[in-house]
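Read the structure below first, then the notes.
The values are calculated or read from the model by the stated rules, or taken from the named source; none is laboratory data. Nothing here was measured: the structure is a model prediction, and the numbers come from that model. Backbone-built Cβ (ideal geometry, glycine too); neighbour counts: all protein chains shown. Calculation scope for accessible area: heavy atoms of the full protein, side chains included, ligands and nucleic acids excluded. Shrake-Rupley method; radii C 1.70, N 1.55, O 1.52, S 1.80 Å.
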Amino acid sequence: MTIDILEAEGSRHSHLVKVTVNERPVKLLAPNETGEQIKIAAIEQNVEIDKNYLLDLVLDDGTHRRIQDHERVELHDHMVFVARKPEHNVLITVNEQPVRLKGHSATGAEIKVAAIAQGVAIQLNFVLQEELPNGTSRIVGDNDVVHLREHLRFTAIAPDDNS
């Protein structure tokens, strides 16, 4: 049933509410909808987002509050929502310690910086190696780009370590 039909039928308990999603107008059926329903309505009304996007409600003070897919939102006119792609986070290991990285790729230097920031006891001049599934390893230079995926394993050793 489309919103037009619902609007024509009328209801004692519901009416259309006009909100914006990513600065585009969206009509929703009040009194409330879930985060997922808001995203679906926006998609059906030509807002260029996907169902897997994260949905935030922009509050009066300009801060954002994340709306979960299952969460019901009490609707009123002029509410502002922002939908965006979820960040790509991966968990890798450096010297057997977990390191979380954001994005789809990182340079060797960026991996070392993230590892240091997350408490791995290495230095920027250490040599970074990716441990490959076949038991060998390859050196990752500071400017080499690594395509990130879960469970990549790296070792970082001091440049004067001959072990």
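Brief remarks follow.
- Coordinate range along principal axes, alpha carbons of the chain, Å, largest first: 79, 35, 23
- Degrees between helix 108-117 axis and first principal axis of the chain (Cα, 0 to 90, nearest 10): 80 degrees
- Of all accessible heavy-atom area on the stretch 33-163, the percent that carbon and sulfur account for (1.4 Å): 50 percent
- Average accessible area per residue (Å²) across the stretch 38-163 - probe 1.4 Å, nucleic acids and ligands excluded: 62 Å²
- Summary of the geometry: the stretch 22-58 and the stretch 119-163, compared by the centres of their Cα atoms, lie 43 Å apart.
- Under 27 Å from Lys39, Cα to Cα: lysines that are on another chain or at least 8 residues apart: Lys18, Lys27, Lys51, Lys85, Lys102
- Against the chain, whose longest principal axis is taken from its Cα atoms, helix 35-44 shows a tilt of about 80°.
- Residues whose placed amide H lies under 5 Å from that of Ile67, excluding near-sequence neighbours: Leu55, Asp56, Leu57
- Sequence-separation-based contact order of the chain, relative, with Cα cut under 8 Å and 6+ spacing, percent: 18 percent
- The peptide list 41-50, 20-29, 61-70, put in order of mean Cβ contacts within 10 Å with the highest first, becomes 20-29, 41-50, 61-70.
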